[in-house]
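**Student:** Input: one structure, supplied below.
We did not get these values from a lab; they are worked out from the coordinates using the rules stated. Treat the numbers as computed from the prediction; the structure is a model and nothing was measured. All Cβ positions, glycine included, derive from the backbone under ideal geometry; neighbour counts span all protein chains shown.
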Amino acid sequence: MSLRLVLAASAVLAFAAPVLAQEAPAAAAAAAPMTEAELEVRADAFEARMAEMTSEMQAAAAAAAGDAAKMSADLDAIAARYQPEADVFAEELKGFIASQMASLPPEAQAQAAMVGPMIDAQVRGLPAQSKAEVMAAAAQPAAE
């Protein structure tokens, strides 16, 4: 669900795109930052990779057959493999937000400055959050 929040935040910034396009023709002539379409493609790819990670974690949890220590170690290894992708996407998202900041009205800049670090933390935390959710789901049948 956190990925949906990240994508929603990206969509909020996308709504500012028409305003940005009107106010920043000189900025467009400078270095070409990532476009909204490029961000969307990268977000879709990232979402697919995180879905793969979750599926892999669910399979590892099932394979651990109730051995909590093995499950935790296996899920840590999976999360560690996917963490660099979360870090890269977080940086890309941060770069996109930064590239849009100068053209935003002051109140939108303040909101983006406040929300940006939260989005960054959520994206970077997705592998660990997925691990926690898979472990909680695996413990659910045992609790009944």
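**Student:** So which residues in segment 102-144 are under 17 Å from ARG81 (Cα atoms) and free of Cβ contacts under 8 Å to residues at least 24 places away in the same chain?
**Tutor:** The one that is under 17 Å from ARG81 (Cα atoms) and free of Cβ contacts under 8 Å to residues at least 24 places away in the same chain: ALA132.
**Student:** Do the conditions hold for GLU92, that is, is it farther than 30 Å from ALA137 by Cα and in contact with a helix residue (DSSP H, G or I) (Cβ under 7 Å, 6 or more places away or on another chain)?
**Tutor:** Yes.
**Student:** Taking into account only those residues within segment 110-144 that are of a type in the set (D, E, K, R) and in contact with a helix residue (DSSP H, G or I) (Cβ under 9 Å, 6 or more places away or on another chain), which is surrounded by the most Cβ atoms within 10 Å (Cβ to Cβ)?
**Tutor:** The extreme case among them is LYS131.
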